[in-house]
Amino acid sequence: MLFSETARQLGGNLKANVPQPCDGDGKRDLQRKWSGDSVAPRERGRCSYSPHGAYAQSKLALVLFTYRLQHLLTANGSHVTANVVDPGVVNTELYKHVFWVVKVAKWMTAWIFFKTPEEGASTTLYAAVSPEMEGAGGCYLYNEERTKSADVAYDEELQRRLWTESCKMVGIFDESSRVP
Ligand SMILES: NC(=O)c1ccc[n+]([C@@H]2O[C@H](COP(=O)([O-])OP(=O)(O)OC[C@H]3O[C@@H](n4cnc5c(N)ncnc54)[C@H](OP(=O)(O)O)[C@@H]3O)[C@@H](O)[C@H]2O)c1
């Protein structure tokens, strides 16, 4: 399962497949964190850190962030565009810290199932230089095609809250607070 983790898949089935810290519900977990609600002590006792779950949340946050960024760019009349690129499963050093069994499995199968780094870069290049992407923003790209991300990534309230909380965390004024 680790190797098949991509933002698209996260997106596709976040609640069903991705183990989440505390409550198994990525969206609810993020919402609770960003609303400042504390986890009840009894519930906290059951929490356990999951690298896989944390990675999944970080990828969801990237997608939410990008959609919000595009929204703000458009609201400001900017011609700059922002898109999400899913490279697929790529044979990089990303997995070097995982459990050794997973590493062995990866070593044995990567040459069949994984993309090379060059192949993995193709959709990024497509987003950056393809004439088809000229002026197009807020897209989710996979295998050089526009596709849909998880429903939760289109939750505008969640996008807005991620942005607001990110500004708070890095200590900058949230200029987007006036933008709906
Ligand atoms: N490879 C894929 O299949 C794939 C698919 C979708 C998205 N991505 C995303 O693409 C981005 C670049 O990854 P890459 O595949 O190009 O790999 P990469 O070049 O090998 O880079 C991975 C980076 O992540 C750091 N890292 C790895 N495990 C970590 C951990 N447990 N805690 C903190 N840092 C850790 C590494 O730091 P050190 O070198 O210091 O360990 C390294 O700087 C990542 O955001 C990844 O999620 C990758």
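Values quoted throughout were computed directly from the atomic coordinates according to the rules given, and no laboratory measurement underlies them. Quick caveat, the model's predicted, so the values are computed rather than measured. When we count neighbours, we look across all protein chains shown, and the Cβ atoms used for this are built from the backbone with ideal geometry, even at glycine.
A simple spin-label model places the labels of residue 148 and residue 122 2.5 nm from each other, with each point 7 Å out along Cα-to-Cβ. For 73, 64, the sequence from fewest to most other C-beta atoms within 10 Å is 73, 64. Annotation: the residues 167, 139, sorted from fewest to most other C-beta atoms within 10 Å of their own C-beta, follow the order 167, 139. Distance between Cα centroids, the range 149-172 to the range 112-131: provide it in whole Å. With the range 149-172 and the range 112-131 each reduced to a Cα centre, they are spaced 27 Å.
With the simple spin-label model, which puts each label point 7 Å out from Cα in the Cβ direction, the residue 58 to residue 90 separation comes to 1.5 nm.
Whole-percent P(r), the range 62-117, all Cα pairs, 10 Å bins from 0: 20, 31, 20, 20, 9, 0.
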